[in-house]
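Asks: Okay, handing you the structure first.
The values are calculated or read from the model by the stated rules, or taken from the named source; none is laboratory data. This is a predicted model, so every value here is computed, not measured. Neighbour counts run over all protein chains shown; Cβ positions are idealised from the backbone, glycine included. Heavy atoms of the whole protein, side chains included, go into the accessibility calculation; ligands, DNA and RNA do not. Shrake-Rupley method; radii C 1.70, N 1.55, O 1.52, S 1.80 Å.
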Amino acid sequence: MNTLPVNWLTEGLLDFEYKKYLLLAYLQAAKTEFGKQRLYPIFSDLIMHYRNLKQVKEHKQLVYESFPQRISRADFEKLELVYEKIVQDDETMEQIEEIIQYATPLFSQALEEGKELYDFVERHLEITPVGITPIYHNEGYLFLESLPGKETRVYSYHITVFENTYEKYRGINTQHLQTVRRGLALTHEHLKAQLIKERKELPNPATFAAVSTFPVPLEQSLLPIAKRSLVKYVTRLAG
């Protein structure tokens, strides 16, 4: 897939037509991904680029939290030094602001397309508890299914809570344990009972089934949206 470097605004030739070419090629690639019902990683990249544009436009600075996890603090600091020099150059900054003015509404439009796809997938995904749900919800099992398929993908999950100065975040890690074929003899309750018997570390696990009634790509859409939906569901239970 055509990607856009995190420092595309300042990297390479600082020319409006060149940057426009890079941007349009990237956004066309994003549109193609959305057309195939693939949300990630392109959707999170679009959000990162859009936040950066807004931040640069409003405050003429870069914000580390806007960047994806793959950029290290050291790499960001190097990028920040380069950017500080550019900000002090009025002529160069004028060109960057022209690029930002052109790019911002295009990113906004692409994000709207991504959000529509996200909402569509989320609307067709139902999360329900399996058996009795214990008080502790931050660790357990997730059963993921996509109808009319006959398979259930079984994951263990662990939700972590971390905070910065402004907000509290919840993150979720999952591990694929097995994929089983559904049948009359293998209900969600039976599958949960098997897991409890085989995996002694969770004697009374919170267990949820996420069932999609619309087929979408697993890794690029269904699993990441199911994970986010589970975090929201568990947060409501805890509230």
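Asks: What list of ³J(HN,Hα) values in whole Hz, one per residue of the range 141-155 in order, does the Karplus curve 6.51 cos²θ - 1.76 cosθ + 1.60 (θ = phi - 60°) give from phi, with Gly and Pro shown as x?
Replies: Residue by residue, the range 141-155 yields 10, 10, 9, 10, 9, 10, 6, x, x, 10, 10, 10, 8, 9, 10 Hz.
Asks: Further, regarding this structure: Only Cα pairs under 8 Å and at least 6 apart count here; give the relative contact order of the chain as a rounded whole percent.
Replies: 23
Asks: For the chain, what % of the accessible area comes from carbon and sulfur atoms, probe 1.4 Å?
Replies: Looking at the chain in its full context, I get 51 percent from C and S.
Asks: If r is the Cβ-Cβ distance from D75 to K197 and R0 is 41 Å, what FRET efficiency results, to the nearest 0.05?
Replies: 0.30
Asks: Only Lys, Arg, Asp and Glu count, each charged at its Cβ (+1, +1, -1, -1), so figure out the dipole size of the chain about its Cα centre, rounded to 20 debye.
Replies: Roughly 1460 debye, rounded to the nearest 20.
Asks: In addition: Tell me what the chain gives for mean residue ellipticity at 222 nm when only DSSP H runs of n ≥ 4 count, each as -39,500 (n - 2.57), the sum divided by the residue total, rounded to 500 deg cm²/dmol.
Replies: About -16500 deg cm²/dmol.
Asks: If you work out Cα extents along the principal axes in Å from the coordinates, which of (i) 70, 37, 26; (ii) 65, 35, 30; (iii) 63, 41, 31 do you get?
Replies: Answer by label: (i).
Asks: Along the Cα-to-C-beta direction of K31, a point sits 7 Å from the Cα; which residues of the range 1-24 have their amide N less than 11 Å from that point?
Replies: Correct set: 24.
Asks: Connecting C-alpha atoms closer than 10 Å in a GNM of the chain, tell me which of S212, S72, S108 has the biggest fluctuation.
Replies: Among S212, S72, S108, the largest GNM mean-square fluctuation belongs to S72.
Asks: With every protein chain kept in the model, how would you rank R236, R73 by accessible area, 1.4 Å probe, largest at the top?
Replies: Largest to smallest exposure gives the sequence R236, R73.
Asks: Measure up K31/K57; K36/K150; K54/K85; K57/K227; K31/K85 against 28 Å on the Cα-Cα distance and list the ones that go over.
Replies: Table pairs above 28 Å Cα-Cα are K57/K227; K31/K85.
Asks: Run the quick spin-label model on Q88 and R181: label points 7 Å from Cα toward the beta carbon, then report their separation in nm to one decimal.
Replies: 6.9
Asks: Count the net charge of all other residues whose Cβ sits under 12 Å from the Cβ of R181, scoring Lys and Arg as +1 and Asp and Glu as -1.
Replies: Summing Lys and Arg as +1 and Asp and Glu as -1 gives +1.
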